[in-house]
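The values are calculated or read from the model by the stated rules, or taken from the named source; none is laboratory data. Please read all numbers here as calculations on a predicted model, not as lab measurements. Every residue, glycine as well, gets a Cβ built from its backbone with ideal geometry; the counts of neighbours run over all protein chains shown.
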Amino acid sequence: MDTRDEVLRILEERGSILQKDLWKELNIDSSKCSRILRKLEKEGLIRRVEIVVDGVKTFKIVPAGAEEEEEKEDEFSLQAIMERMENVSGLPPCFGCLEKDCEVTACLKLEVWFLRKSLGK
């Protein structure tokens with residue numbers, strides 16, 4: 001079984017997998033994994049969803065048929081919940097920030113929050 005077919009088999013079994021976990025499981029380097037996934041995405045067989053895990057951006061790989069399901073699942077992600085709480089409570093984004101290496105003086109989310117507060121929104 002070639003690597004491409006192995007990726008599809010794993011997705012069929014699990015439904016989704018983080019890209020970093022996939023290349024480790026397949027015992028290939030990250031750039032080879034990226035090339036394979038880009039080809040599968042172009043063919044319409046998979047979808048790569050950018051997410052943040054432990055403050056690091058990565059991709060969650062899902063079968064193309066799971067797109068609608070994935071969007072619904074994102075509504076309940078921790079990030080989405082924290083953003084809704086921020087909008088309702090009026091607390092600054094730092095309260096529920098998931099970024100570990102955030103520099104307050106360079107935080108765009110915080111800057112936008114201050115701007116909205118100053119405009120009364």
Of all residues making up region 29-47, the number that are at pLDDT below 90 and within 10 Å of Lys60 (Cβ to Cβ) = 0
request  = Answer with yes or no whether Glu99 is surrounded by 11 or more Cβ atoms within 10 Å (Cβ to Cβ) and modelled with pLDDT under 90.
outcome  = yes
message = Of everything in region 43-63, what is surrounded by fewer than 14 Cβ atoms within 10 Å (Cβ to Cβ) and over 8 Å from the mean Cα position of the chain (by Cα)? Give them in sequence order.
response = Glu43, Gly44, Asp54, Gly55, Val56
ask   = Do you know which of the residues in region 81-94 that are of a type in the set (A, V, I, L, M, F, W, C) and surrounded by 12 or more Cβ atoms within 10 Å (Cβ to Cβ) is modelled with the highest pLDDT?
value = Cys94
message = Looking at Leu26, Leu78, Leu108, can you tell me which residue is in contact with a helix residue (DSSP H, G or I) (Cβ under 9 Å, 6 or more places away or on another chain), at pLDDT 70 or above and on the phi < 0 side of the Ramachandran plot?
response = Leu26
